[in-house]
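Asks: This is the structure I want to talk about, given as structure tokens.
The values are calculated or read from the model by the stated rules, or taken from the named source; none is laboratory data. What you see is a predicted model; the values in this text were computed from it and never measured. Cβ placement follows ideal geometry from the backbone for every residue including glycine, while neighbour counts extend to all protein chains displayed.
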Amino acid sequence: MAAERLSMRRVREILRYRFAEGLGHKAVSYRVGAAPSTVRETLRRAKVAGLSWPLDDTVTDAVLETLLYKAAGTKTGHRRVAEPDWAEVHRELKRKHVTLQILWDEYIERHPEGYRYSRFCDLYRGWAANLPVTMRQSHAAGEKLFVDYAGDTVSVVIDRRTGKTRAAHIFVAVMGASSLSFAEARWSETLADWLECHVHALEAFGGAPSLLVPDNAKVAVIKACLYDPQVNRSYADMAAYYGSSVLPARPRRPRDKAKVEAAVRIVERWLLGRLRHRIFYSLTEVNASIAALLADLNDRRVLRRVGCSRRQLFEQVDRPALKSLPAERYVYAEWRIRRAGLDYHVEIDRHYYSVPWRFAREQVEARITANTIELFRKGERIAVHRRSSGNGKHSTVPEHMPSAHRRFADWTIERIKREASALGSDAALLVEKILAERPHPEQGFRACLGIIRLAKGFGRERVDAACGRALEIGARTYGSVRSILDNRLDQAPSSRATSVKPIEHPNIRGPRYYH
């Protein structure tokens, strides 16, 4: 069966894990949610294409796809190999000091044409997975950080006069090897709070693990799947920023998250049990009390069968293996899919941001932070803006605009004026004023086209009359014209004398505006 064709974002992850972090095929397949055969085939194609990590900035997603799937070699045929006795392998593994490497060496010595080591291990694990054997998990130093929310909440008084309370949710994170725990109270379990809690946890631990292991909550996983879970993109970006990856626990596999489930129970008993008689008046008070109790849990309580505290074990085992944190804290970003309009602007929260005019009507991805808007097309950033308030205005980069006489798709300023003139003199005048008021005429395309297309539903005469009414009250927007038509104000008699020439001034609206 042919290997799965992956998205270029997942291909980049495979290359990073393989060449930057030196992970094996199996480990890479777990992290990207693809079959080991797909990982091997992707790396083979990358080798044939002469790719190395990190990729050059010139290698966009389109270029990468071309290199991988047009420069790949021919398909090789199958060969017959000697099948190992997996039952014997399984029995030998129970002996002390015996490993799969030793057993493979013995196997390949007897059958030089046999399976390579990685395939040998994959086949054995597949065979052993069908055995009714429960295995105890072992966690490598600094490898996994388990995260979840506690099931119970803490009541916080938000109104001293009425005694009204609000529930605070408890986020829990625990290191796999040392069981060092972190907890923080938040008002909600939204994505922003979820990511900020992760940032605080990593800063408390002083480093980042290789893997973040959440439950299959909607805030973390868009689509839960045993083989190919879809992780929230903002969550994946946050993990990548700290050099980590997200590996969700498998659905209906409680042993995958036994560590954090145990930590949650400890938090609920150690923290919530001790706080049950306390009255809190702010989230700050709750977190201060949680920090004090966690210090006692992590630093002073000795773990049975280990003979040291969680903090001492963390310093000995986990901390040396953690990755260093970046100099700057991660900035929360949200991703949205948008389509650029005819005027090559993208609407985000009632504000319009430009992209190069050649991307008009194209679908783009928007990365939204508190201060910036970044726009991407097929993984390539095509525009960046400072974020503005939702005032319905435009943020336009002059370099994004077409030349004054270049055709904009099949519309031009001249065509818009011509179509408006066909509706009537008032419509033509209103369109002309809308275009003249914009710093760049193309910014008025949306409003003008909307007014012109109103003729399909209301007729030319009514639209022209509504434009005249809009000019009379100084409301030169598409929304005003539509409101006039919806409320049939265009058919109401005008209170102004027809012989009196209207005064055109942006600060004069007239008495009918306030009706």
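Asks: Any residue in region 157-165 that is surrounded by 20 or more Cβ atoms within 10 Å (Cβ to Cβ) and not in a loop (DSSP other than H, G, I, E, B)?
Replies: Scanning region 157-165, I find no residue that is surrounded by 20 or more Cβ atoms within 10 Å (Cβ to Cβ) and not in a loop (DSSP other than H, G, I, E, B), so the answer is no.
Asks: Just checking, how many residues over region 347-359 are in contact (Cβ under 8 Å) with a residue 24 or more places away in the chain, part of a strand (DSSP E or B) and surrounded by fewer than 23 Cβ atoms within 10 Å (Cβ to Cβ)?
Replies: So the answer is 3.
Asks: Working only within region 1-33, note down all residues that are part of a loop (DSSP other than H, G, I, E, B), aliphatic (A, V, I, L, M) and modelled with pLDDT of 85 or more.
Replies: Passing the criteria: only LEU23.
Asks: Scan region 31-51 for residues that are closer than 12 Å to ILE14 by Cα and small (Gly, Ala, Ser) and jot them down.
Replies: GLY33, ALA34, ALA35, ALA46
Asks: Only one residue in ARG269, ARG265 is loosely packed, with under 12 Cβ neighbours inside 10 Å, modelled with pLDDT under 85, of a type outside the set (Asp, Glu) and not in a loop (DSSP other than H, G, I, E, B), so which one is that?
Replies: ARG269
Asks: Answer yes if at least one residue in region 195-210 is under 22 Å from GLU261 (Cβ atoms), modelled with pLDDT under 90 and surrounded by fewer than 19 Cβ atoms within 10 Å (Cβ to Cβ), and no otherwise.
Replies: no
Asks: Going by the structure shown, is LEU191 more than 27 Å from ARG319 (Cα to Cα), modelled with pLDDT under 90 and not assigned by TED's automatic domain parsing to the domain that holds LEU15?
Replies: When the stated conditions are applied, LEU191 passes them.
Asks: Turning to a different aspect of this structure: Within region 198-219, track down each residue that is part of a helix (DSSP H, G or I), within 25 Å of GLN312 (Cβ to Cβ) and touching a residue at least 40 places away in the same chain (Cβ under 8 Å).
Replies: HIS198, ALA201, LEU202, GLU203, PHE205
Asks: Here's something else I'd like to know. Of the numbered conditions (1) touching a residue at least 40 places away in the same chain (Cβ under 8 Å); (2) under 21 Å from TRP194 (Cα atoms); (3) touching a strand residue (DSSP E or B) at 6+ places or on another chain (Cβ under 8 Å); (4) among the charged types (D, E, K, R), ARG329 satisfies every one except a single condition; which is it?
Replies: Condition not satisfied by ARG329: (3).
Asks: Please list, ordered by first then second residue, the pairs with beta carbon atoms under 9 Å, 6 or more apart or interchain, first in region 266-288 and over 17 Å from SER181 (Cβ atoms), second part of a helix (DSSP H, G or I) and hydroxyl-bearing (Ser, Thr, Tyr).
Replies: The qualifying pairs are ARG278/SER289; PHE280/SER289.
Asks: When the residues of region 15-50 are narrowed to those that are among the β-branched types (Val, Ile, Thr) and within 20 Å of TYR117 (Cβ to Cβ), which ends up surrounded by the fewest Cβ atoms within 10 Å (Cβ to Cβ)?
Replies: Within region 15-50, the match that is surrounded by the fewest Cβ atoms within 10 Å (Cβ to Cβ) is THR38.
Asks: Among the residues of region 375-390, write down those that are free of Cβ contacts under 8 Å to residues at least 24 places away in the same chain and surrounded by 18 or more Cβ atoms within 10 Å (Cβ to Cβ).
Replies: Matches in region 375-390: ARG377 only.
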